[in-house]
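Before any comments, here is the structure.
The values are calculated or read from the model by the stated rules, or taken from the named source; none is laboratory data. Just so we're clear, the structure is a prediction, and the values are computed from it rather than from any experiment. Virtual Cβ from ideal backbone geometry, glycine too; neighbours counted across all protein chains shown. Quick note on the areas: whole protein, heavy atoms, side chains included, nothing else; ligands and nucleic acids left out. Shrake-Rupley method; radii C 1.70, N 1.55, O 1.52, S 1.80 Å.
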Protein chains: 2
Amino acid sequence: MTETDTHDQVTQANRAALRLANVDEARRNAALADIADAIRENSEAILAANETDVEEAERMLAEGEYTQALVDRLKLDEGKLESIAGMVESVAEQADPLGETLAARELDEDLELYKLSVPIGVVGTIFESRPDALVQIAALALKSGNAVILKGGSEASESNRVLYETILEATADLPEGWATLIEAHEEVDRLLSMDDLVDLVMPRGSSEFVSYIEANTQIPVLGHTEGVCHVYVDEAADLEMAEDIALDAKVQYPAVCNAVETLLVNESVAEEFLPDAVSRYREEGVTLRGDAATRDIVDVDPVTDDDWRAEYGDLELAIKVVEDVYDAVSHINENGSKHTESIVTEDADTAETFMTGIDAASVFHNASTRFADGYRYGLGAEVGISTGKIHARGPVGLEGLTTYKYYLEGDGQLVASYAGEDALPFTHREFDGEWNPGHLADE
Amino acid sequence: MTETDTHDQVTQANRAALRLANVDEARRNAALADIADAIRENSEAILAANETDVEEAERMLAEGEYTQALVDRLKLDEGKLESIAGMVESVAEQADPLGETLAARELDEDLELYKLSVPIGVVGTIFESRPDALVQIAALALKSGNAVILKGGSEASESNRVLYETILEATADLPEGWATLIEAHEEVDRLLSMDDLVDLVMPRGSSEFVSYIEANTQIPVLGHTEGVCHVYVDEAADLEMAEDIALDAKVQYPAVCNAVETLLVNESVAEEFLPDAVSRYREEGVTLRGDAATRDIVDVDPVTDDDWRAEYGDLELAIKVVEDVYDAVSHINENGSKHTESIVTEDADTAETFMTGIDAASVFHNASTRFADGYRYGLGAEVGISTGKIHARGPVGLEGLTTYKYYLEGDGQLVASYAGEDALPFTHREFDGEWNPGHLADE
């Protein structure tokens, strides 16, 4: 791939985006159904390619370069492939995110403004080694009318290539260039320089990686980085509930970004709560570290300052005793990653103080942090979990892949009539209605 | 101002943002009323400071450094000051942009997700010489609960400083640091490096300036750059209406970003339309340039390729004859700045082709491009007109200064119950309701 090749590809994606924006819902859904069928029909080739990736990954595992978790995530089988095909069908079943009337306002008689949802345009995505990520992102992009540039992890390169070719063959009647696979790191760097052709970059990875992307592009970035999530056990907590939530949030799936990393315990319940909680964590094999007040009550290793900002992503947990809810809020706003924070309490006012005081995408009351997820939130599939605050926050579904456009219908209005001494007034009246470019003329 | 000073100021803004997010609507509105009163009471000092700025600007004008237009925009008088105070009061009257329930969804029995609008946090703004810009931006930031960093044009430095001090004195009971004035270019550069403390930067200026900001920060940027807007006169246009719209879009206020820069005329009506239109433009003193087909019909100067992407911001216009609506759409998507584009036609299908085919924040049918404005759109005051597609597009009012936060109310739910073989199903049922952290416990 030369520089010119990448530029030509991205230019074609940009043209495809303009055309894809006007492909109607039925055709987008039919294309998604075709993708699901093609994945099923092509399963043999996909699994063969995946085996090549897995063999290479196992070689790297033996050399200590990869983890077993990475190899597990990489591996496809008939069952996983069927669930990928099913996911594509479920994206097709979602409500159309395009053409939705977000607002309709009469500015004056026969001068009507409509705000409609539209695709963003060209979205560049950079994601990790799970091969289902490529299919999920392509399906969401297609459903939302966006041209997409896909860059997967090199560990999954054979699987990704076959999946991509399967998708392209199944969507041959869509505008050419709607989906583009790029494979080399140099291509990513070139993509980042094309801010006139690419509308959004969505990288998933460590905060260092997302930071690198942000520092090297003028394209807006919607980053998906780690989560340093907390559970705060309040003095008014139901302590049995608190134990269950604190445990679920850590052990149900410790490798993910919505797992808890630091447990905060109100000092007035610490003596009652910690011994039982610690023994349940130990049964599940969790390594614990605590501050001095915690270690006065239970025998755990001491924390270092780094622990407060660590995303362990594993069966490890830091514990801190705090004075009150304000102390908990301060600790979280200082050390958290604005991802997901949970309070366990029976006191509504304390819950409100915690939930409104914390700056995070998701704030929970009496529920496990692990619920922060596009599927559980009812958004359908997700492109990622945004740890930024601009455009889309928290789990990002189809809506996060749209923007809006203002449509104004007039019958010859001039701004000169609404300015100066005899200026006409605006009515600015909201109404229910759909944009229809003919209707003023028909009246 | 040293580097440490700037860092301390921005850290304080960040802390103020967390507190301001929970200042209720009544207190924010009362503070806005106090600002309006203080501007009226302090008018003498404000006008004196403004006179210093204007004198300096007139000296620069005499030296040929500034334009008369800049001096005019800079100049305040009692009447303008009263309208600035009135604008602050009108911001107070707008609906509260915070705490709005954007969605409420039951995930399962007694597990309820609410999506609420919240402030963004710390917003850095960089704007031009009109002193009313400082007051307008500060008022919108306060209404939307955001801490704001203000950097105005150096031409207005004396006016800005007195206006800023007036605002600060009037809002002494708000969290300290909610508004911060910075004055030196080095402070802007330092601000741009504080991506851990600043959530959004909103620069207004040339596309080179906004591009410089984007290239030098990892903070998300919502840019306000120029507009290269078009009016397309279709073969099915009411030609009298087309003449009026084409004229209004150019001459009603040529210095602004929503004025038309290129007129596109369908070849089948060019001979009928152009001679009259050209003579009306000439009466208004507009300098005209045209492509070869235009010059076959009317006697205007030839265009160069640069004209198609020029924002004249003045009484100048480029004219091009196009084959049909598709040709017009291609020209606009190739050369426009995605700001505002208008078609004049009596044919609804052609209008639809134009409006859906063009990628721009605003697309108009039978109306002047000059309507693209936050006030005319009914958004109240505006912070700017976004020429990007992410987060907020087109005129940006209070809504563009908000993001959202998910609030989940449970009664002890664990993700383990919703995973694995006996997984509970989610209900994912939308409902009407307001977040209330006590209500599950009360039932």
Some residue of the range B:109-122 being open to solvent by 50 Å² or more (accessible area, probe 1.4 Å) and either more than 27 Å from B:Asn160 (Cα to Cα) or in contact with a strand residue (DSSP E or B) (Cβ under 7 Å, 6 or more places away or on another chain) (or both): yes
Residues located in the range B:368-390, provided they are at pLDDT 95 or above and in contact with a helix residue (DSSP H, G or I) (Cβ under 7 Å, 6 or more places away or on another chain): B:Ser368, B:Thr369, B:Arg370, B:Phe371
Residue list for the range B:283-328, filter: assigned to a loop (DSSP other than H, G, I, E, B) and among the charged types (D, E, K, R): B:Glu284, B:Asp291, B:Asp299, B:Glu311, B:Asp314, B:Glu323, B:Asp324
Qualifying residues in the range B:329-349 (those that are more than 19 Å from B:Arg393 (Cβ to Cβ) and not in a helix (DSSP H, G or I)) - the one nearest to the other protein chains (Cβ to nearest Cβ): B:Glu346
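Criterion first (more than 11 Å from chain B (Cβ to nearest Cβ) and either crowded, with 24+ Cβ neighbours inside 10 Å or not small (Gly, Ala, Ser) (or both)) does A:Leu315 satisfy it?
Numbers: more than 11 Å from chain B (Cβ to nearest Cβ): yes; either crowded, with 24+ Cβ neighbours inside 10 Å or not small (Gly, Ala, Ser) (or both): yes.
Taking the combined requirement at face value, the residue satisfies it.
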Extreme residue, nearest to the chain's Cα centre (by Cα), among residues of the range B:240-260 that are more than 11 Å from chain A (Cβ to nearest Cβ) and either at pLDDT below 95 or open to solvent by 30 Å² or more (accessible area, probe 1.4 Å) (or both): B:Cys257
Any helices (runs of 4 or more DSSP H) falling wholly within the range A:16-86 and containing at least 2 residues that are under 20 Å from A:Gly152 (Cβ atoms) and open to solvent by 70 Å² or more (accessible area, probe 1.4 Å): A:43-62, A:68-74
Within the range B:361-412, tally of residues that are assigned to a loop (DSSP other than H, G, I, E, B), more than 7 Å from chain A (Cβ to nearest Cβ), over 23 Å from B:Val118 (Cβ atoms) and touching a Gly at 6+ places or on another chain (Cβ under 8 Å): 2
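At least 1 residues that are aromatic (Phe, Trp, Tyr) and more than 14 Å from chain A (Cβ to nearest Cβ) in each: list the helices (runs of 4 or more DSSP H) lying fully within the range B:125-238 that qualify. Break it down stepwise before answering.
Working: elements: B:131-143, B:157-170, B:185-193, B:207-215.
It comes to B:157-170.
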Qualifying residues in the range A:321-358 (those that are surrounded by 22 or more Cβ atoms within 10 Å (Cβ to Cβ) and charged (D, E, K, R)) - the one nearest to the chain's Cα centre (by Cα): A:Lys338
Check on A:Leu102, surrounded by fewer than 19 Cβ atoms within 10 Å (Cβ to Cβ) and of a type in the set (A, V, I, L, M, F, W, C): yes
Residue list for the range A:1-15, filter: in contact with a helix residue (DSSP H, G or I) (Cβ under 7 Å, 6 or more places away or on another chain) and open to solvent by less than 70 Å² (accessible area, probe 1.4 Å): A:Thr6, A:Val10
Cβ-Cβ under 6 Å pairs, at least 6 apart or on other chains, the range A:422-438 side within 8 Å of another protein chain (Cβ to nearest Cβ), far side surrounded by 10 or more Cβ atoms within 10 Å (Cβ to Cβ): A:Phe426/A:Leu107; A:Phe426/A:Asp108; A:His428/B:Gly378; A:Pro437/B:Ala348; A:Pro437/B:Ala351; A:Pro437/B:Glu352; A:Pro437/B:His365; A:Gly438/B:Ala348
